[in-house]
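Engineer: Quick one: the structure is below, and I'll ask about it shortly.
The values are calculated or read from the model by the stated rules, or taken from the named source; none is laboratory data. These numbers come from a predicted model, not from an experiment. Methodologically, a virtual Cβ is constructed for each residue, glycine included, from the backbone with ideal geometry; neighbour enumeration extends over all protein chains shown. These accessible areas exclude ligands, DNA and RNA; they are computed on the full protein's heavy atoms, side chains included. Shrake-Rupley method; radii C 1.70, N 1.55, O 1.52, S 1.80 Å.
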Amino acid sequence: MKEMKTDALWEHLHWLTILAEQGSFTRAAERLEVSKASMSQKIKELEAMAGVSLVQRTTRSVRLTSAGEKLVEDLREPFARIEQSFFSVRDTAGPVRGLVRVTAPVAFARQHLVPLIGDFLREFPQVRLQLDVTDRIVSLSSEGFDLAIRHSDTLPETHVALPLCETRTLLVASPGYLTQQGQPKTPEDLAQHNCLYYPRGVESPRWAFAATHSSERVQVRIQGCFATNNSESIRDAALQGLGIAMLPDFSASEALKSGSLQQVLADWQAVDAFAAQLWIVRPWAAQVPRAVTTFAQWLRARFAHY
């Protein structure tokens with residue numbers, strides 16, 4: 001065989017990595033959209049150039065020799081970088097496009113994020129959004145998410161965190177409950193009320209408050225007939241007149257606007273309950289798809305005056 005120039009080997013080497021990935025000449029040829037004969041010929045040419053056998057062929061599958069395994073292992077990272085670089089360059093041309101996978105807390109997603117998604121998709125019609133709605137803190141890297149909206153004071157150091165908007169913790173109750181049970185005047189009065197709360201371990205629930213016009217701080221042991229780890233469920237229980245609920249403002253805002261819930265103890269700020277900030281979090285990466293950065297920037301602009 002006529003000696004081949006090194007720069008003529010790139011396609012051969014790429015096809016070898018696909019063969020290793022697929023495990024058979026047939027599947028590799030289908031992946032590359034070439035004939036099985038072409039696939040086989042490329043590998044023979046590569047072996048001839050290398051002077052060693054790279055593939056052990058059987059009737060049903062192929063296995064790499066030790067030389068083939070070493071070559072594929074050495075090629076995997078460079079080819080991945082080449083692919084990433086190509087898509088990064090392509091990403092800068094033309095309209096913003098691609099899939100963005102997002103995870104967000106239930107109440108925030110349902111009440112504030114989803115109502116805005118139509119505006120974003122009309123502005124960027126070649127972007128696709130996949131939204132996972134959960135109050136669970138998911139692993140972005142292992143579960144394949146591009147972005148997370150987090151309501152937390154604890155953020156992973158290995159990720160990039162961008163502030164989305166500030167939040168407040170509110171005490172709310174239905175007008176009917178307050179008419180029947182009375183309006184609490186101080187945090188200590190909550191001990192005489194049915195309180196709807198997030199369960200946090202097995203200890204007796206306590207709510208802590210700081211006065212908005214002084215340095216006074218108060219901690220109150222509360223009790224109630226209903227506890228759950230979802231703020232919308234607590235809100236719905238409050239709407240039924242079951243008691244006084246402690247909620248993040250984004251979960252209670254619509255009910256407060258409509259008057260179906262009223263704020264309680266407005267001169268006191270709950271502390272150590274919910275985070276004071278919503279964040280956009282993404283795994284650190286040298287190259288970030290333009291669709292991901294565009295969606296993050298768009299969200300920050302829309303929630304700048306939330």
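Engineer: Which members of segment 139-173 meet the condition of being part of a strand (DSSP E or B) and open to solvent by 20 Å² or more (accessible area, probe 1.4 Å)?
Structural biologist: Listed by number, the residues that qualify are 150, 151, 159, 160, 161, 162, 163, 166.
Engineer: In the set 288, 292, 264, 281, which member is under 22 Å from residue 232 (Cα atoms) and touching a strand residue (DSSP E or B) at 6+ places or on another chain (Cβ under 9 Å)?
Structural biologist: One residue alone meets the criteria, 264.
Engineer: Among the strands (runs of 3 or more DSSP E) lying completely within segment 229-282, list those that include at least 1 residues that are open to solvent by 10 Å² or more (accessible area, probe 1.4 Å), out of contact with any Leu (no Cβ under 9 Å at 6 or more places or on another chain) and touching a residue at least 12 places away in the same chain (Cβ under 8 Å).
Structural biologist: 268-271
Engineer: I've got another one for you. Under the condition of being at pLDDT below 90, hydroxyl-bearing (Ser, Thr, Tyr) and more than 41 Å from the chain's Cα centre (by Cα), which residue from segment 41-69 is surrounded by the most Cβ atoms within 10 Å (Cβ to Cβ)?
Structural biologist: 58
Engineer: Additional query: Quick one: what pairs do we get from segment 119-141, first residue over 15 Å from residue 297 (Cα atoms), second open to solvent by 50 Å² or more (accessible area, probe 1.4 Å), C-beta under 6 Å, 6+ apart or different chains?
Structural biologist: Sorted first by the residue in segment 119-141, then by its partner, the pairs are 126/95; 126/97; 128/99; 130/101.
Engineer: A further question follows. Quick check on residue 288: is it under 30 Å from residue 86 (Cβ atoms), buried (at least 16 other Cβ atoms within 10 Å of the Cβ) and touching a residue at least 40 places away in the same chain (Cβ under 8 Å)?
Structural biologist: In short, no.
Engineer: If you don't mind, another one. Show the residue pairs meeting these rules: Cβ distance below 6 Å; 6+ apart or different chains; first residue within segment 144-167 and aromatic (Phe, Trp, Tyr); second residue open to solvent by less than 40 Å² (accessible area, probe 1.4 Å).
Structural biologist: Final answer for the pair search is 145/103.
Engineer: Now for a separate question. Return the only residue of 237, 227, 245 being aliphatic (A, V, I, L, M) and modelled with pLDDT under 95.
Structural biologist: 227
Engineer: Right, next: Scan segment 174-185 for residues that are among the hydroxyl-bearing types (Ser, Thr, Tyr), open to solvent by 50 Å² or more (accessible area, probe 1.4 Å) and either within 13 Å of residue 263 (Cα to Cα) or assigned to a loop (DSSP other than H, G, I, E, B) (or both) and jot them down.
Structural biologist: Residues satisfying the conditions do not exist here.
Engineer: Go through the residues of segment 200-219 one by one and say whether even a single one is in contact with a helix residue (DSSP H, G or I) (Cβ under 9 Å, 6 or more places away or on another chain) and assigned to a loop (DSSP other than H, G, I, E, B).
Structural biologist: no
Engineer: Right, another one. Among the numbered criteria (1) touching a residue at least 24 places away in the same chain (Cβ under 8 Å); (2) on the phi > 0 side of the Ramachandran plot, which single criterion is violated by residue 210?
Structural biologist: (2)
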